[in-house]
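Heads up: the structure comes next, in structure tokens.
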Amino acid sequence: MPASWHILCRVVDHYGDAGVCWRLARQLANEYDLDVTLFIDDAATLQRLIPALDTTQNRQRIDNVTVQRLTDTLTPPSSWPEVIVDAFGSGLPSTWLAALERDFPPLTATPKNANTPHWIVLEYLSAEPWIETMHGAASPPPSIELPRHFFFPGFTEASGGLLREKNLLDERDAFRSLEHFPDARRAFLERLGVEALPPEALLVSLFCYDTPALPALLDAWAASPSPIHCLLPETVAPKTVQQWRNTTTTRSALTLHTVPFLPQADFDRLLWCCDLNFVRGEDSFVRAQWAARPFVWQAYRQNEYAHLAKVDAFLQRYLADAPDALKTPLPDFTRVWNDERQTSRLADAWRSLAVQRPAFKKLARDWAQQLSAQTDLAQRLVTFCANREA
């Protein structure tokens, strides 16, 4: 009988939180033959990623994963699973905590058995060096006699790794094979209503948070000496975009294409098609790296600009072996994009980065190749839990 895993997700960063948890749940079920239940408090957000999801149902099964609505009064399982994954440390329902306190009180001789769950706190992805000292650290919960450990996704072997399905890179390479790619790209873009791109155009996808820097970026693209076509998901800052657009889809060098919100597999193909991808948060950030295309990351905004430390930590790793030509313009533009206090510098920062496209393409390919040599997050998580049960 497959081992049972429960993943609990409270959605804070919209599609990123739901996307990460769904990818992990599906991979654990389909690649490791685990009995996975994803508990999520925002079915409507998940439904944008999984069109087959019925938001009126409290419990349903999709792609070998059971999806159940998460509430703070959720009835505890009649039998505890082998692993509970507390995604992003948002906490277990109060009803579960009370049941765990009852079933596994501290300072008792409770024997370890198949009904004793291993509690994993899955943290947010970070490139900051300190996570390596905390990854895998034990954190016994107060008043509950259970194993609980922190699991930190990251970019090194000393971290929890990155989500990557077993066949993802093969699928990417098949889609982008030299003899196949022109037709595959044209057919995919036509499905999105994008036709007849000029051969010299820069094709950009723009998945970002609403920010005062967005109109400045669109202005910079409109002033480009060569055409830019931007694929903009319909959910991205619609009021800001509409105000800038002012009834026209083309302004000088820039043409905007509003595209529908895409399921995860199609979003991957969108990234594979584009020459440059703007991504945000965590899920699209990781997928852009596996796309092996140039990308610019916008971190989830935090108070007092705390997110800038995460941006700098990633840039330090990403640029460690980068061509010298990129070591100033790429971090400069990325920091400006993540800090609206510097919006007045965005146009100059963009022009400095745009002329380094060949070096940027090489960096993206090399970085994806480097990361692909590491084991993925799901494999590390399964191994981590198995080793502590042995």
Answer with yes or no whether CYS230 is out of contact with any Asp or Glu (no Cβ under 6 Å at 6 or more places or on another chain), open to solvent by less than 20 Å² (accessible area, probe 1.4 Å) and in contact (Cβ under 8 Å) with a residue 60 or more places away in the chain.
-> no
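Could you tell me whether ARG59 is more than 22 Å from the chain's Cα centre (by Cα) and open to solvent by 40 Å² or more (accessible area, probe 1.4 Å)?
On the way: more than 22 Å from the chain's Cα centre (by Cα): yes; open to solvent by 40 Å² or more (accessible area, probe 1.4 Å): yes.
Judged against the criteria, ARG59 is a match.
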Please verify whether region 77-100 includes one or more residues that are open to solvent by 60 Å² or more (accessible area, probe 1.4 Å), farther than 22 Å from LEU163 by Cα and touching a Lys or Arg at 6+ places or on another chain (Cβ under 9 Å).
-> no
Taking PRO238 and the conditions (1) in contact with a Lys or Arg (Cβ under 7 Å, 6 or more places away or on another chain); (2) of a type outside the set (Gly, Ala, Ser); (3) open to solvent by 60 Å² or more (accessible area, probe 1.4 Å), which numbered condition does it fall short on, given that it satisfies the others?
-> (1)
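Given the residues ASP17, ASP41, ASP33, which is the only one that is of a type outside the set (A, V, I, L, M, F, W, C), in contact with a Lys or Arg (Cβ under 6 Å, 6 or more places away or on another chain) and touching a residue at least 24 places away in the same chain (Cβ under 8 Å)?
Exactly one of ASP17, ASP41, ASP33 is of a type outside the set (A, V, I, L, M, F, W, C), in contact with a Lys or Arg (Cβ under 6 Å, 6 or more places away or on another chain) and touching a residue at least 24 places away in the same chain (Cβ under 8 Å), namely ASP41.
So, in region 6-19, of the ones that are open to solvent by less than 10 Å² (accessible area, probe 1.4 Å) and of a type outside the set (Gly, Ala, Ser), which residue ends up nearest to the chain's Cα centre (by Cα)? Break it down into steps so the answer makes sense when it comes.
Keep residues of region 6-19 that are open to solvent by less than 10 Å² (accessible area, probe 1.4 Å), which gives 7-9, 17-19.
Okay, now just the ones that are also of a type outside the set (Gly, Ala, Ser), so 7-9, 17.
Working: ILE7: 16, LEU8: 17, CYS9: 14, ASP17: 8 Å.
Restricting to residues being open to solvent by less than 10 Å² (accessible area, probe 1.4 Å) and of a type outside the set (Gly, Ala, Ser), the top hit is ASP17.
Take the residues of region 139-195 that are β-branched (Val, Ile, Thr) and out of contact with any strand residue (DSSP E or B) (no Cβ under 8 Å at 6 or more places or on another chain): which is farthest from ALA25 (Cα to Cα)?
We begin by selecting, within region 139-195, every residue β-branched (Val, Ile, Thr); these are 144, 156, 194.
Restricting the remaining residues to those that are out of contact with any strand residue (DSSP E or B) (no Cβ under 8 Å at 6 or more places or on another chain) gives 144, 156.
Details: ILE144: 26, THR156: 22 Å.
That would be ILE144.
Is region 198-206 home to any residue that is at pLDDT below 95 and under 24 Å from ASP339 (Cα atoms)? Talk me through it step by step, then tell me what you get.
Keep residues of region 198-206 that are at pLDDT below 95, which gives 198-200.
If we keep only those that are under 24 Å from ASP339 (Cα atoms) as well, we get none.
No, region 198-206 contains no residue that is at pLDDT below 95 and under 24 Å from ASP339 (Cα atoms).
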Name the residues in region 241-253 that are open to solvent by 80 Å² or more (accessible area, probe 1.4 Å) and over 19 Å from ALA201 (Cα atoms), would you?
-> GLN242, GLN243, ASN246, THR247
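Considering only residues that are assigned to a loop (DSSP other than H, G, I, E, B) and touching a His at 6+ places or on another chain (Cβ under 8 Å), which ones fall in region 200-225? Before you say what the answer is, go through the steps one by one.
Keep residues of region 200-225 that are assigned to a loop (DSSP other than H, G, I, E, B), which gives 200-201, 207-212, 223-225.
Listed by number, the list holds a single entry, ALA201.
Looking at region 21-33, is at least one residue modelled with pLDDT under 95, of a type in the set (Ser, Thr, Tyr), open to solvent by 40 Å² or more (accessible area, probe 1.4 Å) and out of contact with any Phe, Trp or Tyr (no Cβ under 7 Å at 6 or more places or on another chain)? Steps first, answer last, please.
Let us first name the residues in region 21-33 that are modelled with pLDDT under 95, namely none.
Looking for residues that are modelled with pLDDT under 95, of a type in the set (Ser, Thr, Tyr), open to solvent by 40 Å² or more (accessible area, probe 1.4 Å) and out of contact with any Phe, Trp or Tyr (no Cβ under 7 Å at 6 or more places or on another chain), one finds none in region 21-33, hence no.
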Among residues of region 47-83, those that are outside any loop (DSSP other than H, G, I, E, B), modelled with pLDDT under 95 and hydrophobic (A, V, I, L, M, F, W, C), counted | 1
For ARG293: the one exception among (1) surrounded by fewer than 20 Cβ atoms within 10 Å (Cβ to Cβ); (2) touching a Phe, Trp or Tyr at 6+ places or on another chain (Cβ under 9 Å) | (1)
Kindly indicate which of THR133, THR95, THR71, THR75 is within 24 Å of THR383 (Cβ to Cβ) and of a type in the set (Ser, Thr, Tyr).
-> THR133
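Condition first: assigned to a helix (DSSP H, G or I) and free of Cβ contacts under 8 Å to residues at least 60 places away in the same chain. Now tell me which residues in region 294-313 satisfy that. Explain how you work it out, then say what you get.
Within region 294-313, the subset assigned to a helix (DSSP H, G or I) is 303-305, 307-313.
Correct list: ASN303, GLU304, TYR305, HIS307, LEU308, VAL311, ASP312.
Out of the residues in region 317-326 that are of a type in the set (Gly, Ala, Ser) and touching a residue at least 12 places away in the same chain (Cβ under 8 Å), state the one that is surrounded by the fewest Cβ atoms within 10 Å (Cβ to Cβ). Let's see the steps before the verdict.
The first filter runs over region 317-326 and keeps only residues of a type in the set (Gly, Ala, Ser), leaving 320, 322, 325.
Going one step further and asking which of them are touching a residue at least 12 places away in the same chain (Cβ under 8 Å), we end up with 322, 325.
On the way: ALA322: 19, ALA325: 14.
My answer is ALA325.
The values are calculated or read from the model by the stated rules, or taken from the named source; none is laboratory data. Note that the structure is a prediction, hence the values are computed from the model and not measured. In this analysis, Cβ positions are derived from the backbone assuming ideal geometry, glycine residues included, and neighbour counts consider all displayed protein chains. What goes into the accessible areas is simple: the full protein's heavy atoms, side chains included, and nothing from ligands, DNA or RNA. Shrake-Rupley method; radii C 1.70, N 1.55, O 1.52, S 1.80 Å.
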